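Worksheet: the structure to be examined is printed underneath.
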Amino acid sequence: MAKTNFDYLKDVDKNLFEIVLEAERLYRGEFFEQCMGQTRRFGEHLCRNVLGSKRTNEVTFDEMLSTLKDTPNQSEQEKEFIDDLYFLKKQGNLSVHSGTVGKDATTALECLQRAFEAGLNYSVFHKRASSDILKLRYDTELLITGNPSKKSLSDKYLEAQEQAAKTSKKKPAKKPQKPKPQATSMNSVPRRTGIPPFWIVVGVFFVIALFTIIYILV
């Protein structure tokens, strides 16, 4: 059998392992709504197992969750566990009662991740499995290919940073545009020389008028 993210459940609870294994198969087949419904089923079985003898008249998933939530003096792990179960219930119900077929791969993946975390808490704090498994992280590469990623999350983060830095260096820096010189050329007007025509005409009329006055007086 190919390695899966939920291998830690094999020796803890074989039934839970088979249920969530089917959820991963559905995701790989792109049956995302069915995957969310299957993770809801996984969460309901987790809740029932944790309640155990404390369960009385609870029948539905919602009733069992309410009883679990009312448990006094809860640890942080128990609160996270209940929060994950509520998420699985809500998304599973939405996928089952939806009137249209959706392709919400992102939500389906989050359901698998939440189921993974809830399964870890169940294994360690309810079934007394080794606390070392709490160091496990959900591997999306393992989900898709069946092969575990050889790089840690920190390695992938550093690679993404390096790639972003290389991409920014490849972009040529914009050269500042030089301001265009303002056109200020003006043609100088040549200075006029000699007597202007206007004053010549005035002088001619003045002479004529002068002679006319002399003629009249004589």
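The values are calculated or read from the model by the stated rules, or taken from the named source; none is laboratory data. Values in this document were obtained by computation on a predicted structure and should not be read as measured data. These area figures cover heavy atoms from the full protein model, side chains too; ligands, DNA and RNA do not enter into them. Shrake-Rupley method; radii C 1.70, N 1.55, O 1.52, S 1.80 Å.
General observations
- Gyration tensor (alpha-carbon) shape descriptor, the stretch 1-159, a/c threshold 1.5: oblate
- Of the listed residues VAL207, VAL59, VAL50, VAL20, the order by accessible area with a 1.4 Å probe, largest first, is VAL59, VAL207, VAL50, VAL20.
- Karplus-based coupling profile of the stretch 108-114, in residue order and whole Hz: 4, 5, 5, 4, 5, 5, 5, with θ = phi - 60° in 6.51 cos²θ - 1.76 cosθ + 1.60 and x standing for Gly or Pro.
- To the nearest 10, the accessible area of ARG41 is 110 Å² with a 1.4 Å probe.
- With every protein chain in place, the stretch 10-93: carbon and sulfur % of accessible area (1.4 Å): 43
- Sequence of GLU30, GLU22 when ordered by accessible area, the most exposed leading, probe 1.4 angstrom: GLU30, GLU22
- The stretch 38-83: C-alpha gyration tensor shape, a/c 1.5 cut-off, then a/b vs b/c: oblate
- With Rh defined as the Kirkwood radius, the inverse of the mean 1/r over Cα pairs, the Rg/Rh of the stretch 55-149 is 1.02.
- Equivalent ellipsoid dimensions for the stretch 1-59 as semi-axes, Å, which come from the Cα gyration tensor, largest first: 24, 16, 6
- Exposure rank, largest accessible area first [VAL12, VAL96; 1.4 Å]: VAL96, VAL12
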